[in-house]
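Single-structure report; data block below.
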Amino acid sequence: MNHEGLISRVKSILFDPRRTWPLIGEEPATVAGLYTRYIMILAALPAIFTFIKTSLIGYGMFGVTVRTGIVAGLFGAVLTYALSLVLVYVVALIINALAPSFRGQKNQVQALKVIAYAYTAAWVAGIGVIIPWLGGVIGVVGGIYSIYLLYLGLSHTMKNPPEKSLGYTVVIVLITLVLSLLIGVLVAGVTGIGALGAGAMGAGAAGKSSNSSTVVFDKDSKLGQLAAFGEQMKAAGERMEAAESRSRSADRGGSRDSGSSAGSRDADVASAEAAMAALFGGKDGKPLEALEPEKLKSLLPASIAGMPRTGTSANRESGMGMQISNASADYASEDGKQRISLSVSDAPMMAKMGAFRGLMSSESSSETQDGFEKTYTRNGRHIEEKWNGRSGRGTYGVMVGSRFTVKAEGTAESFQQIQSAVESIDLAKLEAVAKAGAEQH
């Protein structure tokens, strides 16, 4: 695909998707071709224009313009670009693994097609970041339109029944959001990215057809761990096929009723929930249960560095086969000058993302006259530190056992005071809970 062909395809998928998707579904393609002729070009747009905005134009407010350093900006742009290429490939693995669960046909190239072309709107909308005030709105609109494109394209690429596209889309979007969140948390460092392009081009050079193109990685490499995660998705999809087949007769029976449309939507939602439970749940396909909120709440100390606890809250949220528990407490000095908020969160489904823990490593550090920012991993714990001595405000957060997050932030006399808030919680106990949960599931 030359530049004119690229522009033509972008225009057609954005402005005439219903006519374009059937053509995309039938045209031959390879993993290498999709990456080098389309994905690698369009995925660069958000990274490039974000660099222009943050390092060259800057953000202005109240007469002050703030710019990121050129070196830091370039590093961030390259890292964001590389991770976006990884994300597309991983989501394609998941789409392919889930195809049978929504009565589709497994085909890795077709899965890469649908996510690549659906992402077109979001990538193009990334240009809007340089437009003051409206950049964020343009990005949101682009993301929503990409979801719509994915919904339209699934039946033409993965060959699932159109009525199953809604549930299929919901699952893919939710998983992509989870992966994007994880990448955002651990974005400070990454290794092994270059293997993706090389592996993809190697598959294309081997002369495999669009129906058999594959990318094979060394199982001990970083991207090999991603492939292993894809295999986990495949196994989860296979576990769902039996349950899905049992619901098909009910769907056909419901189609004869006047409420067949509502019944189909309910079935789609049920399929989405079952898929999420299969992907991020235990071996039995049931959702992993987060700790009871009151148990998390009991971990919060009555006082921190002489500051009494002034209030607490706790809750557990459930949805789409996932659970997250949260507990937090506020602490304040008598004069009100020091205030710290301490929170504990439990997201057990994050422990299922083992491949990403191997892929991503975070090591960054910056210092100014006023303070510092650090992100690093120590003894298997992901740690974030921020401190501004002028304002006396800081943050200290630790991810424990790949599922618990303990975080303290606020104003204090010193950074050590904020750090001590996190260390007042028994992190070793949380690690033991995470380890026991991993062994059980």
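Rule-based calculations on the coordinates, nothing more; no lab input. It should be emphasised that the depicted structure is a prediction, and the values quoted were computed from it without experimental measurement. All Cβ positions, glycine included, derive from the backbone under ideal geometry; neighbour counts span all protein chains shown.
What to note about this one:
- Cross-link pairs beyond the 25 Å C-alpha cut-off, checked among LYS164/LYS435; LYS53/LYS407; LYS374/LYS435; LYS295/LYS386; LYS297/LYS407; LYS11/LYS106: LYS164/LYS435; LYS53/LYS407; LYS374/LYS435; LYS295/LYS386; LYS11/LYS106
- Note on ALA436 and ARG339: with the Förster distance fixed at 30 Å, the Cβ-Cβ geometry gives a FRET efficiency of about 0.30.
- Rounded to the nearest whole Hz, the Karplus-based 3J(HN,Hα) values (6.51 cos²θ - 1.76 cosθ + 1.60, θ = phi - 60°) of segment 30-38 follow the sequence 10, 4, 4, x, 4, 6, 6, 9, 9, with x at glycine and proline.
- Inter-label distance, nm, simple model (7 Å from Cα along the C-beta direction), GLU26/THR310: 6.8
- Which of ASP330, ASP426 has the fewest Cβ neighbours within 10 Å, and the rest in rising order: ASP426, ASP330
- Taking a point 7 Å from the Cα of GLN416 along the Cα-to-Cβ direction, the residues of segment 304-318 with backbone N closer than 18 Å to it are 304-307.
- Model label zone, PHE372; criterion: amide N under 20 Å from point 7 Å along Cα-to-beta-carbon; scope segment 405-422: 407-422
- Distant-in-sequence amide contacts of ILE131, defined by a placed amide H-H separation under 5 Å and a gap of 5 or more residues or a different chain, comprise nothing.
- Label-to-label distance, nm, for residues given as GLU289 and SER8 (7 Å Cα→Cβ offset): 5.9
- Shown here for segment 372-441: GluC sites (Glu not before Pro) in loop regions (DSSP other than H, G, I, E, B) with at most 14 other Cβ atoms within 10 Å, namely GLU413.
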